[in-house]
């Protein structure tokens, strides 16, 4: 069975500092990886997906199949980035939409 | 983007009663919706896949007789927690695929408290 691990429950940085939220996964096939974000009192929303290889709100994430990682990075954190971040995996195909979530990381960006 | 709405957002019920939670796709049709459960300070766990016009597919360990799912139309799926007990207290979240990219959109969640 697939598994997603986010080793850090809490992560604090100062505004302007680089930030990296770690995500490791285990799955024998070719997964689709996502990062979801949940701002305070808002619903979960997609931040980015590995297949699109895009940068959203300054965040990027590269799928490293060798290390089975999909870390989320931003070179200069902003206060508005403070939120809960979830890494998620889909096995794709007919299971597309069925996500396995990591435990989540609460990011706090201090002024 | 597409909007998924859940109702009610909060519900408190007595032990032994049944509670229904609705999940609606407001501006798109969703043949498939997903129900997740989130315990306090824990991650979301997929409970079941709701299929329009057919039976839901439950994940291992989820009691189908306990958590009844009905997907009667392309815009509505309901989750009924039957004979609720305090251990069923949780945050229930639904999602649906929509838009051109098939992106998953999440509802705002429904917090169930069973006394």
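Readers should treat all values here as calculations from the given coordinates under stated rules, not as data from a laboratory. Predicted model only: the values in this text are computed from it and were never measured. Quick reminder, even Gly has a Cβ in these numbers, built from the backbone with ideal geometry, and neighbours come from all protein chains shown.
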Bin width 5 Å, alpha-carbon pairs only: give the P(r) of chain B as whole percents, running from 0 to the bin holding the largest distance.
2, 13, 23, 25, 20, 10, 4, 1, 0
Two-site FRET efficiency, residue B:73 against residue B:17, from Cβ-Cβ distance with R₀ of 22 Å, rounded to 0.05:
0.30
The stretch A:18-54 and the stretch A:1-17 have their Cα centres apart by a whole-number Å value of 11 Å
Using the alpha carbons of the stretch A:70-111, what is the convex hull volume per residue in cubic angstrom, as a whole number?
81 Å³
With every atom except the alpha carbons ignored, what do you get for Rg and Dmax of the stretch B:1-60, in angstroms?
13.3, 39
Measure off 7 Å from each Cα along the Cα-to-Cβ vector at residue A:40 and residue B:65, then give the distance between these two points in nanometres to one decimal.
4.6 nm
Shielding of A:44-52 by partners, i.e. mean partner chain Cβ atoms within 10 Å per residue?
3
Could you give me D for chain A, from Stokes-Einstein at 20 °C and 1.002 mPa s, where the hydrodynamic radius is the Kirkwood radius over C-alpha pairs? Units µm² s⁻¹, please.
153 µm²/s
Based on DSSP, what percent of beta bridges with both residues in the protein assembly as shown are antiparallel, to the nearest 5?
90 percent
Quarter of Cα convex hull surface for the protein assembly as shown, i.e. mean projection, nm²
12.3 nm²
Assuming R0 = 35 Å, can you tell me the calculated FRET efficiency for the pair residue B:82 and residue A:79, based on Cβ-Cβ distance, to the nearest 0.05?
0.20
Antiparallel as a % of all DSSP beta bridges within chain B, to the nearest 5?
90 percent
What are the semi-axes of the equivalent ellipsoid for the stretch B:41-85, taken as the square roots of 5 times the Cα gyration tensor eigenvalues, largest first, in whole Å?
19, 13, 11
Report the extension gain between residue A:65 and residue A:14 in nm, rounded to one decimal, defined as 0.36 nm multiplied by the number of residues separating them, less their alpha carbon distance.
15.3 nm
